[in-house]
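K.L.:
Attaching a single structure in structure tokens format; questions to follow.
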Amino acid sequence: MHYQEPLRRALAGVTETSVNAELSSGDLARATGNTVRTVRFYEEQGLLKPAVLSGGGHRRYTQEDLERLRLILDLRELGLSICDIRAFFDLRSGCDTVAEFAVRFREVLLRHLERAEARLDQLRRVRRELREALGNIQQSLPQSLAEACPCAVAAVTGPGGSARIVKLLAEAPTCCHHRDVPAEDEAGSEADGAGPSSTSRVAEGSLGRS
């Protein structure tokens, strides 16, 4: 009975999968540093499927399922949407030959590599600014400024990307120094060459006392 052989192989595959499905949702969450809710979310989106689902609703996964989840998380970190990832895993659909698959595979991966390079450039730039900002604070400010208003930090920060980070984090419109001199008055005094703003004077005074 030749029809029995495919059935036997299918049953053997199901049995092997059941034996290898030793991981729970919690195991996947812990292995990837996420929560069980995250695992369930990707199931709901159709990106992840438990190898075994018992009648009681207990989900079991294989090591391959764990690797799939890790790839999903990596692609999300890269900035891909759920739809992009779904299309990524559906790459083989409609490909009847290796040649067709290879062409599609190359096109998709080149596109994602270009996106990855752009993301890396952005991350490197932000990392450089963060390091410069940290060095600015550690090297430029004397100990006497420890009790000064945070605006003093922004006032003595030099130009560059680090200045952007320090100024945005240290300055506050409600600060006492900003209340002393309205913004339009500060702008006018600097434009007329009357000297630095009140914030700058406070910072310089603090520096002079060191």
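Every read-out reported here was derived from the displayed coordinates using simple, explicitly stated rules and does not represent laboratory data. A quick note: this is a predicted structure, and the numbers were derived from the prediction, not measured. Here Cβ is always computed from backbone atoms with ideal geometry, including for glycine, and neighbour counts include all displayed protein chains.
K.L.:
Given 0.36 nm per residue, what is the gain on full extension from Asp90 to Thr174 after removing their alpha carbon distance, in nm?
P.N.:
Length gained, Asp90 through Thr174: 24.9 nm.
K.L.:
Also, quick follow-up: Please compute the Kirkwood hydrodynamic radius over the stretch 57-115, one decimal place, Å, based on all pairs of different Cα atoms.
P.N.:
Its Kirkwood hydrodynamic radius stands at 13.0 Å.
K.L.:
In addition: Measuring from label point to label point, each 7 Å out along Cα→Cβ, what is the Ser24 to Leu73 span in nm?
P.N.:
1.8 nm
K.L.:
Now for a separate question. Suppose the chain between Leu113 and Arg128 were pulled fully straight at 0.36 nm per residue; how much longer would it get relative to their current alpha carbon spacing?
P.N.:
3.2 nm
K.L.:
Distance in nm between label sites at Ala99 and Glu44, each 7 Å beyond Cα in the beta-carbon direction?
P.N.:
4.5 nm
K.L.:
Within the set of other residues whose C-beta is less than 12 Å from the C-beta of Ala133, count the net charge using Lys and Arg as +1 and Asp and Glu as -1. Don't jump to the answer; show the numbers that get you there.
P.N.:
On the way: positive: Arg127, Arg128, Arg131, Arg164, Lys167; negative: Glu129, Glu132.
Its environment carries a net charge of +3.
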